Amino acid sequence: NLSQIITASCPLVFPCFSSHRVFFFFSLDVVDHYSCSSNSDGSGATDYLTYVQKPSTLVTPWLDKPTKMRVLLLLLLYVAIVSAAVNSKTIAGKTIYGYQAWFRCPGDGSGWPTYWHWTESSSQPPNNQTIRVDLFPDVSEYPSECLCPTQLSRADGTPLKLYSSFCTGVIDTHFKWMKKYNIDGVFVQRFFGYQNNPDTAQILQKVRAAAEKYGRVFAVEYDMSGAAGDQIQDFLTKDWEYLTNTLHITDSPAYLHHNNLPVLEIWGFFKERMTPQQATNALNYFKPKTFLIAGVNWIWRFEDVKNNDPYAQVYKIPHVIQPWMVGAFDEGGFQGSWPQLLKDDMDYARSIGVEYSPVLWPGFSWRNMHVNHNPPQDAKLNQVPRDGGKFIKAQAEVHIANKPLFLFLAMFDEVDEGTAQFKVVATRENAPVSPPFVTLDMDGYKMNKDAYLVIAGGITKKFHQVWGN
């Protein structure tokens, strides 16, 4: 037991051992003891141990040289693990996924006896008439207890299963992937109208545990979809008080902070959803308490600022503005005027004292959500093709060159609208026979199921280099 060895041989070192991001130095000839200290220069550098040579009388006599070697190796292993943890003290230079975690299965313990978000009516099992997602997740790495049966099968008759986001093993697997592919963390979506459901708080706690376990970061993002403008202030203030004062979610060492404030995103500052005054009240309440990110319509500058709309004043309040770009253009359109328009977006934001965060997305498709809707609605499969990853890579190249504060990747697990970037079924032969699904080979490319995690990891690496992370 590593802790027993260290406690017995180095009682002064052990209190430091539980700290994240520490470095140990060990002598094979004499057991030295060290004191803990931390960097307080604001750079976000990792903690370290100050060397303090202690008298040899403190050395435990029975600690022979082979034991010292074993301790050294174990400590080096520990350092290799914890030193890879993402720095939660700043959002600068990070790539953060949006994380829905909204899929449920009957009997998963969440309290939802339904296939929530998997099927249109939720109460019906997934089949070719009820399924409402356009990408099919690869579930081969999830624990069996996290899976539920469907009425879907491959062409060879193999029955297919789906997963519950409520299952601890699913969330743990997702964060293990983030660590493996070098992705910094997630914004956990929290939705108006569901905040009082116990399962949503439990999801947040499970995300916290997984982020701490794998050295990733997380923060809360409120999604105002479906909220009436006069309800937003009350919802936000009460729920944030619950999360911070009851759950103490921002006390987690993995909770993302910036400028010594907990990071919070509120998405949905659209004119049709709330008045300028309602938006102003919400933003002004949270700005002193949080490092505040406002999710806005992609036309924010093109129309509202240009036309001197009252909403133009709203955009000056948050610390960061994040226009929602999913569906605003396709790959062909992006090659035209969009790179300059996006740079102009960021330049204008900074001119009014606000930072900028772009949204990067791989493609878009929501056919099954609409065709299996009651009444059915028309929607095209693979509406914005991924083009084998070229589309999101083109966006990344433009945004990284502009050096925004951070990158938002839409989304980690949203198979509903076809933006998911976690592991999905890669080939048509492994997807359900019916209805049609977007698979990674659809645009003529042979790709592995983890292709977009690999791409996201590459984007993260390049962005870290630009920021010197």
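The values are calculated or read from the model by the stated rules, or taken from the named source; none is laboratory data. Because the structure is a prediction, the values reported are computed rather than measured. Methodologically, a virtual Cβ is constructed for each residue, glycine included, from the backbone with ideal geometry; neighbour enumeration extends over all protein chains shown. Areas reflect the complete protein model, heavy atoms only, side chains present, ligands, DNA and RNA absent. Shrake-Rupley method; radii C 1.70, N 1.55, O 1.52, S 1.80 Å.
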Study note, to complete from the structure: In whole Hz, the Karplus estimates of ³J(HN,Hα) for segment 450-464 (6.51, -1.76, 1.60; θ = phi - 60°; x where Gly or Pro) are 9, 4, 7, 5, 4, 4, 4, x, x, 4, 4, 4, 5, 5, 4
Exercise for review: Any of LYS179/LYS462; LYS393/LYS462; LYS316/LYS462 with alpha carbons more than 18 Å apart? Name them for me.
Suggested key: LYS316/LYS462
Exercise for review: Determine how large the accessible area of LEU73 is when every protein chain is in place; take a 1.4 Å probe and give Å² rounded to the nearest 10.
Suggested key: 100
**Study point:** Rg in Å to one decimal, and Dmax rounded to a whole Å, for segment 237-393 via C-alpha atoms
**Key:** 18.1, 49
Exercise for review: Using only alpha carbon positions, build the gyration tensor of segment 337-469, then give the equivalent ellipsoid semi-axes as the square roots of 5 times its eigenvalues, largest first, whole angstrom.
Suggested key: 31, 18, 11
Check your understanding: How much length is gained on full extension from LEU381 to SER121, taking 0.36 nm per residue of separation minus their Cα-Cα distance?
Key -> 91.5 nm
Review point. Cα convex hull of segment 310-412: how many Å³ per residue?
Key: 139
**Study point:** Farthest positive-ward along segment 129-193 dipole, Cα basis, beta-carbon charges - from VAL139, LEU160, TRP177
**Key:** TRP177
Exercise for review: Mind putting a number on the dipole of segment 323-453 about its Cα centre? Charges go on the C-beta only, +1 for Lys and Arg and -1 for Asp and Glu, and I need it in Debye to the nearest 20.
Suggested key: 240
Review point. Under a 5 Å amide H to amide H cut-off, with H placed in plane at 1.01 Å, what residues pair with THR427 once short-range neighbours are removed?
Key: LEU440
Point to revise | Accessible-area value, MET69, 1.4 Å probe, nucleic acids and ligands omitted, Å² | key: 80
Point to revise | Share antiparallel - DSSP beta bridges, segment 94-467, percent rounded to 5 | key: 20
Check your understanding: So for segment 94-467, what percent of the C-alpha to C-alpha distances run longer than 33 Å?
Key -> 27
Exercise for review: Could you check what % of the DSSP bridge pairs in segment 124-240 are antiparallel, to the nearest 5?
Suggested key: 35
Review point. So what is the relative contact order for segment 253-312, in percent, with contacts set as C-alpha pairs under 8 Å and at least six apart?
Key: 39
Review point. What value does segment 139-222 have for Rg/Rh, both radii from Cα atoms and Rh as Kirkwood defines it?
Key: 1.04
